[in-house]
Structure formats: C-alpha cells, structure tokens
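Note sheet for the following structure.
The values are calculated or read from the model by the stated rules, or taken from the named source; none is laboratory data. No experiment lies behind these values; they were computed from the predicted model shown. When we count neighbours, we look across all protein chains shown, and the Cβ atoms used for this are built from the backbone with ideal geometry, even at glycine.
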Amino acid sequence: MSSWIIRCLPGLSIIGLLILAECALEILQGLWLGASSPTKLITGHGPVVAQVLFVSWGLFLHFLATFFPLRLSWRVWNAAGEILRANTTGRPVQKEFVQDDSDDSGTEMDEVLMKSHQLKDRNPIGPDVIHSIIIPSYKEDIQVLEDTLKVLASHQSALGHYDVCLAMEERDPNAKTVATKLIAMFGEKFRDMQFTLHPASIEGEAPGKSSNVGWAAQRFLEKYSGRQNWEHVMLTVMDSDTHLLSTYFDIITNRHIENVLEDDSLDMTLYMPPIIFDRNAHQVPRFVRVADLMWCGAGLSCFQTEPRIDTVAIPTSVYTLTLPVVDLVKGWDTGPEAIGEDMHMMLKSYFLMNGKLNIECVASPASHCNVSSSKRGFWGWLDGLQARYQQALRHMWGCLDTGFAIKQWAQLGSSQRVNNLCYDSQANISLGAKFSFFRVQIEDGNKLTLRNIDLLTRIFEAHFLPAHLFIILITSSIYSAINPPSAISYWMQLSLNVMSYQRTFGFLTMLFYFFFCYERYHKVCVDIRTAELKKSGLYRDLEDQISRRDPYKPLTWLDYVLFPVAGLIYGGLPLLHAAFSHFWSVDLNYKVSAKPKRLLVEEVVRLEEGRV
C-alpha cells in the first residue's frame, strides 16, 4: 500500500487540491445548490482555514511560476554567451571561416555573426580516452539514423576515439537489416561500430529506451572491463535524431581529465548539453513548435557551466557518464518505472552516491527534430498535434520518478546503500582502490542539504506545478464568475487579485525571455551548427535541416503569446492524464515519436523531372 501511495503522489496531490478548493470555494455547492445553503464560507471578512490554505498554496505556486521565467531568462542569456565563447574565437580579418570561399549559401544572419567569430581549432583527444556512444532506435527511419551518423563521422576524433553502438530492438522486424546497412556505410569511419538487438521477452522488463540502453551498455561493460585505463571510457547516450557538435566530446574530454587529475579519483560526473529544436521547426504546427520551445526552456532553466558541487540539472535526451559510474550504479533500470530514462538514470546515480554525483552542463548544444507527421494538409496538422501529445504523455509518464526520488532520498546515508556499491578489485586493482576511496567518501550522506532541496524543487516544478497551477486557475476563475463581488471576502479578493498580477507579470517576463533571450540563444546555436556543417562539408547535404527564426516577424510573435495554451495542452493535461493513470497501471503503450522524413536524392530528381 505504501508503495502505491508513493507511486501515485502526483495524482493524490491533485485530488487533495481539488478537495481543498471545494472546501475553500464551495464551487459545487454554488453551482448546484445555489443560495439554499444556510452557511457559506465565502461570506464575511475573516477567511476560514480552508481558504487560508488554498490562498497560501496558490500564492506559493504563483511565486514559483513568476520566479521561473526570471531564472530562465538569466540562464539562457548566459548559455548563449557560454556557447559562443566555447565554440568560437575572434576572427582575424585575413583568415576565412569556410574552406570553400565560393560557398555563398550562408544566410545574411549567419554572415553577421561570423564576421567577428570563427570556430575554434581543437586539440586531439588523448589516446587513453574512448567515447562509447549508444544510439537507441526502434522503428526509426534509416535516413534519420544516417544523418546522425554522418554528423558524428565528420568529427575530427571519430576515427580514433568514437565507439558507436546502434541499440536496436528485436521487436523491430527491420532492425538487423537497417543496422547492417549503416555499419557497412559508416563502420570504417569510427574506432569501432556494432549493433545490439535488445530481446523482447526478458521477464520484468518494459519496452522503451531505458531497457534498450541498459542492454547495449552491458556490451560495453563486457568489452572494456579488462582495459587498463577503463576509467577513461566515457559512455554517451543520445537520441537517434540528435546532432552533436564535435566540441561536445572535446569539452567533456578536457573536463574529464581535469576531474581525474584534481584528486586522482574517479570522475563521478554526469555531463549534459542544452538542447535546441532547430531542424524542422518551420515545418510543424505552431502549437508543436511552441511546446518544444517550452520543453527546451525547461532544460535550459538549470544551465550552468561553472563546475559547482551544488549544481543540479536534469538531462534531456543526451548525457554522458564514465563507464565505471555506470558499473557502480549497476546500469540502467529496465522496469516500467524507468520510462523517463534520462531523468531516472540521473536520479539513480545521484542518490546511490548519496548526492555526491557532479553534474556539469556542457556549452555545446544538441540539435533535435520536432515531432512530425508524414501526412499533409489538415489531417497532417491534426496528426502532428496528436503525435506531440503522445510524446508529452510519455514525458509526463516520467512523474513516476517522483516516488522513486522520495524512496531514494529517504535512504540517504544508510550503510546498506554504501555496501551495495561494490566492485571486484581483482579485475583492476587501481580502479578497485579508487572505488574503495569513493565508498568511504559517501558515507556521510545527508538528507537535508541545499542541493537535495534544490533537486526536489526541480522535481516539483516538473511533476506537480503544471497541474496544480491549472487547477488553481480554473477553480478561482469559476469561483469569481459564479459569485458577485459582494459575496467574496476582502482578503480572498485581494489574494485572487495578487495571483492575477503575478500571472500577468509572469506572462510579460516570458515575452521578454522569448524575444531577447531565446532568440539570441537560437541564433547562436544555429549559426555555430551551420558553421561546423560547412567546415565538415556536410552543409549542402543537410541545409534543409536548418530552421531559423526571425524575431522581427509578427508571425514569430504569435509563438510568444501562445505559450500558455501550448503549456496547458502539452504540459498540464498530459500530466493529469499520466498522474491519474498511475492509480491502476505503470505500463504505457510505448510509441516511437515520428520524425521528419527527408526526400532522398532520387526522389528529388523524379519530382523535378515531373515538374519539367
């Protein structure tokens, strides 16, 4: 029973808030009983206990919602500057940026930035460092995977240091054929390349990214466990449509070496990049685009490149851990509770290390596609909206991590947890000694630290705040509509007015964020990615996957004002859907998010011939 209660905390909290709202506002009595009730809580000048609780909770939620865009604006502005500094340098007048001077395909906006900046030259990655890269795939279009591998293969360090694994699913009938073709195309461009077929019939496992990644990670553990410098094997998990800059691997390599040399211990760090949807945003329904702008902002709100022990950030889609850390925490969980794979793995690693896991944001954005429909016209528009809702539901299904985090938090500092962190030192004496040192260091796990409170606050923002704010807004609006001003107490009316002012301030602050902060971030990310594509010679192949934004067009402004509606459709409603579904099930019918399908060269030729 206790496990069920913890699992269903988001849903139970929503029911509790609805009960509190009814006790405080008597909406149902006002609608169905009218004025026949002899006593009404809403009259008089002294708010009752239920009203005080309702108003206090509403003001607290609005404070968080008001503070969020302020924090977001600051972090995103800094993120744009950090990305620019980490990837570019001042451009000498005599040095040209692109290899081909005749390439005039860059846009005017691109040229403005690159007149004063050029990509930094990178030092080769040290010979001991290996980047093992897992790309999970389930019924993905082969062209999506091909483009992702093209970008990875174009990196300077790919041939010497990238070990790529296509994590395929046995449930996909085309998985083996697709993987074999891609390995034939790209196998010689990486240090090594292989694929795994995650079995469909493992007892206790749920289909999804986490179980697939966990299966592939075991292959890497088997492959490198006997390597002398195993602690320098870094494992990156990325979505099949992710395009990473070469600077991502360069930066985390440098930081990894610094972290290891700092005290000659293990690198207990999770590295994560910010994300951006800059590939097909101009081709999807506006609500889908705005929803992904908000999703992008959720990750950016915690962006901070300065390595600090109190940094807390939740990875989205892409992150990197050292292989010893993966082994230390016994890999990825594979049950239905781990459907929010990236957040779940971060929480698992964080709490198993008694809050000692370092988290570093990397100033190298990960490029993603928006969910897309293959249909055209009105039905394609509807299909795109529905596909984005299914993706949002899968994201919000991850509110199961609330219960997981609370159970893990309650065990912080226990000796049993420390004893579970074991390693066979006979396999690697040096690494075993470092593990022993680390076990001693984490025995002082403390529940009430500012970092733990910050982490729990981030979880609250993700899994409670959207639904609770929605309920507060709806119930208070109905209450004001069905009752005349004379029937509402002064303090209740004042509190509702303050909430309204807070919402207005939050809305205006979000407009400021979109126009001044996000547009700068988007432009910097797109320009740097465009520059790297040109430098690697991939620009003409992938130029159709560059989605720019013009902040001075009125249609762009429409994105700004629609964010409350998009946030409700793809934030509040999916959260309610997921939270109440968890009362009877933790299983979700997993569906892969539809990605845009590009026209192959042969298809383009046929189209052109047909027009002629």
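Annotations for the structure displayed:
- Selection from the range 345-395 of residues that are in a loop (DSSP other than H, G, I, E, B) and either free of Cβ contacts under 8 Å to residues at least 60 places away in the same chain or within 20 Å of the chain's Cα centre (by Cα) (or both): L357, V362, A363, S364, P365, C369, N370, V371, S372, K375, R376
- Residue identified as in contact with a helix residue (DSSP H, G or I) (Cβ under 7 Å, 6 or more places away or on another chain) and charged (D, E, K, R) among R191, R171: R191
- Scanning the range 21-30 for residues that are surrounded by 19 or more Cβ atoms within 10 Å (Cβ to Cβ) and free of Cβ contacts under 8 Å to residues at least 60 places away in the same chain, we see that the one that is nearest to A50 (Cα to Cα) is A24.
- Given (1) under 18 Å from T322 (Cα atoms); (2) over 24 Å from the mean Cα position of the chain (by Cα), number of the condition G204 does not satisfy: (1)
- The residues of the range 137-147 that are more than 16 Å from F190 (Cα to Cα) and touching a Ser or Thr at 6+ places or on another chain (Cβ under 7 Å), listed by number, are S137, E140, V144.
- Only one of Q502, Q493 that is touching a helix residue (DSSP H, G or I) at 6+ places or on another chain (Cβ under 8 Å), surrounded by fewer than 16 Cβ atoms within 10 Å (Cβ to Cβ) and not in a loop (DSSP other than H, G, I, E, B): Q493
- Among the residues of the range 238-251, not a single one is farther than 23 Å from L145 by Cβ, surrounded by fewer than 19 Cβ atoms within 10 Å (Cβ to Cβ) and either of a type in the set (S, T, Y) or in contact (Cβ under 8 Å) with a residue 40 or more places away in the chain (or both).
- A single entry from D250, D239 fulfils the requirement of being in a helix (DSSP H, G or I) and more than 15 Å from V526 (Cα to Cα): D250.
- Selection within the range 539-552 - surrounded by fewer than 18 Cβ atoms within 10 Å (Cβ to Cβ) and more than 14 Å from F516 (Cα to Cα): R540, D541, E543, D544, R548
- Condition met for R219 (surrounded by fewer than 19 Cβ atoms within 10 Å (Cβ to Cβ), among the basic types (K, R) and either within 27 Å of the chain's Cα centre (by Cα) or outside any loop (DSSP other than H, G, I, E, B) (or both)): yes
- Qualifying positions in the range 553-563 - crowded, with 16+ Cβ neighbours inside 10 Å and outside any loop (DSSP other than H, G, I, E, B): D559, Y560, F563
- From the list A531, A566, the lone residue that is touching a strand residue (DSSP E or B) at 6+ places or on another chain (Cβ under 8 Å) and either among the aliphatic types (A, V, I, L, M) or at pLDDT below 95 (or both) is A531.
- Any pair with Cβ under 6 angstrom, 6 or more apart, that starts in the range 471-493 at a residue that is within 17 Å of W57 (Cβ to Cβ) and ends at one that is among the small types (G, A, S): I472/G58; T475/A21
- Of all residues making up the range 58-91, the number that are over 19 Å from F514 (Cβ atoms), touching a residue at least 24 places away in the same chain (Cβ under 8 Å), assigned to a helix (DSSP H, G or I) and of a type outside the set (K, R): 10
- Taken together, the residues in the range 159-179 that are within 20 Å of L235 (Cα to Cα) and either among the acidic types (D, E) or surrounded by fewer than 22 Cβ atoms within 10 Å (Cβ to Cβ) (or both) amount to 4.
- Residues being outside any helix (DSSP H, G or I), farther than 18 Å from W215 by Cβ and of a type in the set (A, V, I, L, M, F, W, C) - total across the range 148-190: 1
- Restricting the range 180-205 to residues that are surrounded by fewer than 20 Cβ atoms within 10 Å (Cβ to Cβ) and acidic (D, E), the residue that is farthest from A216 (Cα to Cα): E188
- Residue in the range 134-145 that is modelled with pLDDT of 95 or more, part of a strand (DSSP E or B) and among the hydrophobic types (A, V, I, L, M, F, W, C) present: yes
- Flag if D310 is buried (at least 19 other Cβ atoms within 10 Å of the Cβ), acidic (D, E) and either at pLDDT below 90 or on the phi > 0 side of the Ramachandran plot (or both): no
- Residue match in the range 137-155 (condition: surrounded by fewer than 22 Cβ atoms within 10 Å (Cβ to Cβ), of a type in the set (F, W, Y) and in contact (Cβ under 8 Å) with a residue 60 or more places away in the chain): yes
- D544 being assigned to a helix (DSSP H, G or I), touching a Leu at 6+ places or on another chain (Cβ under 8 Å) and not polar (S, T, N, Q): no
- Under the condition of being surrounded by fewer than 19 Cβ atoms within 10 Å (Cβ to Cβ), in contact with a helix residue (DSSP H, G or I) (Cβ under 7 Å, 6 or more places away or on another chain) and either assigned to a loop (DSSP other than H, G, I, E, B) or not small (G, A, S) (or both), the residues counted in the range 472-482 number 2.
- For the range 259-284, the candidate set comprises residues that are of a type in the set (A, V, I, L, M) and in contact with a Leu (Cβ under 7 Å, 6 or more places away or on another chain); within that set, the residue that is modelled with the highest pLDDT is L270.
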